[in-house]
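Student: Supplied in structure tokens, the structure appears directly below.
The values are calculated or read from the model by the stated rules, or taken from the named source; none is laboratory data. Keep in mind that what you see is a predicted model, and the values were worked out from it rather than measured. FYI the Cβ positions are ideal-geometry reconstructions off the backbone, even for glycines, and counts take in every protein chain you see. When the accessible area is computed, the model is the full protein with side chains, heavy atoms only, and any ligands, DNA or RNA have been set aside. Shrake-Rupley method; radii C 1.70, N 1.55, O 1.52, S 1.80 Å.
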Amino acid sequence: SPLMRWGIVFGLTILYSFVSSFLLPIFGPTIISLSGIPVAAAGWYFGLAGGIIVSLIAVILNNFLMIIFAGIPWYTVDRGGFFMSATILIMIGAGFGQIKKYSEIHLRTETQLRSRERYLSLLKMATDSILNPKNSSDRYYYLITHLINLFTADHGYFFRWDAAQEQAILVASTLPFDQP
């Protein structure tokens, strides 16, 4: 659900903030690379726009954490490093958003191909049972069975119209003939 996805991204952001508050004084600004984890999760869960938005929030959070826990004033922050980290975070968010988009397209295409393959296989089986029946007296039973699978029906009946008596005669059924 979207609420659960936001919860995961928010939880990863809180975890990153907590961990970096301890590790930032020890390792310095290199620890901000961990902010790529919640950014990647946002890109994966919410696509391109979500990844970019969370990456921009991560840039602001990183500056805030560096000011608070590393004691580096905002005006002394290396501008080149700031823009490089911002660019990398935006690329991570956008990249994961695009990867998610293409994986969904791939999954949808694969599902359509499997459905088409199933349809063609069942159609071939129905055609084979008509043209080359195992037992000619069971031809209609095999036909109705294959058609039920083809259309994913619960039950099937095959009737023949008797013009002389003007009535339909049950030829084959997937249910026993004595059942109404």
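Student: Taking Lys134 as the anchor, which lysines have their alpha carbon closer than 25 Å to its alpha carbon, excluding any fewer than eight residues away along the same chain?
Tutor: Leaving aside lysines fewer than 8 places away in the same chain, those within reach of Lys134 are Lys124.
Student: Keeping all protein chains in place and using 1.4 angstrom, which order do Glu110, Glu104, Glu166 fall into by accessible surface area, from largest down?
Tutor: If we order Glu110, Glu104, Glu166 from most to least accessible, we get Glu166, Glu104, Glu110.
Student: How far is helix 36-69 tilted, in degrees, relative to the longest principal axis of the Cα atoms in the chain, given as a value from 0 to 90 rounded to the nearest 10?
Tutor: 20
Student: Below 9 angstrom from the Cβ of Phe46, what's the summed charge of the other residues (Lys, Arg +1; Asp, Glu -1)?
Tutor: +2
Student: So with the 1.4 Å probe, I'd like the accessible area per residue for region 1-146, rounded to whole Å².
Tutor: 66
Student: Then there's this: Can you tell me the dipole magnitude for the chain around its Cα centre, using point charges on the Cβ only (Lys, Arg +1; Asp, Glu -1), in Debye to the nearest 20?
Tutor: Numbers: 12 positive and 10 negative charges, 101 e Å.
Roughly 480 debye, rounded to the nearest 20.
Student: Here's another thing I want to ask about it. Per-residue ellipticity at 222 nm for the chain, helices alone: DSSP H runs ≥ 4 residues times -39500 (n - 2.57), over residue total, nearest 500 deg cm²/dmol?
Tutor: Values: 4 runs with 126 residues, N = 180.
Calculated at 222 nm, the ellipticity per residue is -25500 deg cm²/dmol.
Student: Here's something else I'd like to know. Dipole magnitude of region 81-131 about its Cα centre, charges +1 at Lys/Arg Cβ and -1 at Asp/Glu Cβ only, in debye to the nearest 20?
Tutor: On the way: 7 positive and 4 negative charges, 15 e Å.
Its charge dipole is roughly 80 debye.
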